[in-house]
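The values are calculated or read from the model by the stated rules, or taken from the named source; none is laboratory data. This one's a predicted model, so the numbers in the text were calculated from it and none came from an experiment. Cβ coordinates were reconstructed from backbone atoms using ideal geometry, including for glycine residues, and neighbour counts include every protein chain displayed.
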């Protein structure tokens with residue numbers, strides 16, 4: 001692990017967040033500053049498998065920022081990692097028409113995997129991605145060729161665990177043994193308007209374990225601990241999803257607000273100048289050093305090797321399995337059979353004795369539809385093939 005350059009990258013990512021939020025006097029500093037070391041490991045130390053030149057690579061790892069309010073986290077790291085997100089766009093954070101809206105928007109920013117903002121929903125998105133990854137592996141992987149073995153990451157905070165959607169998704173993932181799912185819990189003990197102890201007191205590690213997960217608690221600012229925890233989570237396909245509970249300091253780098261509820265939003269932006277000085281950054285705003293740029297450029301080149309190896313596997317698999325290949329390519333394009341509507345059973349009149357439940361009627365239609373468009377995700381869960 002190249003600790004020195006990763007630490008420098010984390011500091012400069014903090015600087016980008018401070019400058020962007022100070023420039024528009026709006027946004028959330030707490031998460032981007034508190035999770036900078038996590039970002040450095042994910043995007044700079046092999047935590048995530050990705051190729052910035054091929055952002056839609058089918059077997060890439062996915063990263064979802066459940067705490068979407070901390071969007072400068074993902075924008076800073078996408079820019080540093082070499083995705084098609086310029087420094088100019090980073091500097092136009094929250095400006096109309098920019099590629100860096102206040103919350104991550106799928107389709108607006110290259111590298112953003114899901115639109116997030118409502119707390120907890122990103123955990124649900126990640127569980128959905130993990131489920132689809134398992135289904136893709138079950139359907140398309142063969143004894144000779146492995147097309148799909150990616151991992152799904154999501155970064156969430158204390159507030160996400162207060163939402164019912166998160167709890168339901170966590171239970172679903174544990175029950176269905178989605179061991180390709182890795183959550184990173186930004187456990188800074190702070191919520192929007194108060195310390196977390198005012199509103200929640202559950203033991204997060206024991207809670208996750210009770211739901212069928214593996215859980216570990218680490219120092220969220222220790223690069224080595226983060227790297228080792230992620231590597232272990234990715235290598236341990238034991239039928240359990242994983243959570244890494246990272247103890248962090250919200251707003252780290254702005255002494256006036258760090259570790260307090262005031263560090264959550266833009267409250268620390270007014271201390272931008274002194275914070276930059278304390279972090280050892282130059283007066284130049286939106287600063288990224290040449291050695292950090294070179295480091296990530298080399299990473300990007302290395303990532304192309306993994307993508308090229310996968311492409312070779314895909315070509316061999318496609319030749320050996322033409323029918324599956326045609327189905328996968330059709331799915332990726334979002335194609336559906338031209339006569340799909342005619343294949344769905346029509347119900348000419350409603351009869352409560354014939355159709356005792358609206359749900360049952362809907363299920364019949366969904367099941368029929370799913371047999372003709374297998375990549376369609378709206379089918380009833382119990383119609384899905386076994387995941388394991």
Handout entry: Given (1) surrounded by 13 or more Cβ atoms within 10 Å (Cβ to Cβ); (2) on the phi > 0 side of the Ramachandran plot, number of the condition residue 334 does not satisfy
Key = (1)
Exercise for the section: For residue 169, state whether it is touching a strand residue (DSSP E or B) at 6+ places or on another chain (Cβ under 7 Å) and either over 26 Å from residue 332 (Cα atoms) or surrounded by 22 or more Cβ atoms within 10 Å (Cβ to Cβ) (or both). Expected result: no
Practice task
Any residue in the range 295-321 that's on the phi > 0 side of the Ramachandran plot and crowded, with 16+ Cβ neighbours inside 10 Å: show its pairings with residues that are outside any helix (DSSP H, G or I) and at pLDDT below 95 at Cβ separation under 7 Å, as long as the two are six or more apart or on different chains.
Solution key: none
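Restricting attention to helices (runs of 4 or more DSSP H) lying wholly within the range 1-75, give those where 2 or more residues are surrounded by fewer than 23 Cβ atoms within 10 Å (Cβ to Cβ) and touching a helix residue (DSSP H, G or I) at 6+ places or on another chain (Cβ under 7 Å).
Values: elements: 3-24, 30-34, 36-44.
In the range 1-75, the matching helices (runs of 4 or more DSSP H) lie at 3-24.
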Exercise for the section: Kindly check whether there is at least one residue in the range 295-313 that is within 28 Å of the chain's Cα centre (by Cα) and under 21 Å from residue 253 (Cβ atoms). Expected result: yes
Handout entry: Single match in 339, 291, 374 (criterion: in contact with a helix residue (DSSP H, G or I) (Cβ under 8 Å, 6 or more places away or on another chain), modelled with pLDDT of 55 or more and more than 25 Å from residue 149 (Cα to Cα))
Key = 291
Handout entry: Checking residue 259 against (1) out of contact with any helix residue (DSSP H, G or I) (no Cβ under 6 Å at 6 or more places or on another chain); (2) assigned to a loop (DSSP other than H, G, I, E, B); (3) surrounded by fewer than 18 Cβ atoms within 10 Å (Cβ to Cβ), the condition it does not meet
Key = (3)
Practice task
Tell me the strands (runs of 3 or more DSSP E) entirely within the range 138-253 that contain at least 3 residues that are more than 17 Å from the chain's Cα centre (by Cα).
Solution key: 214-219
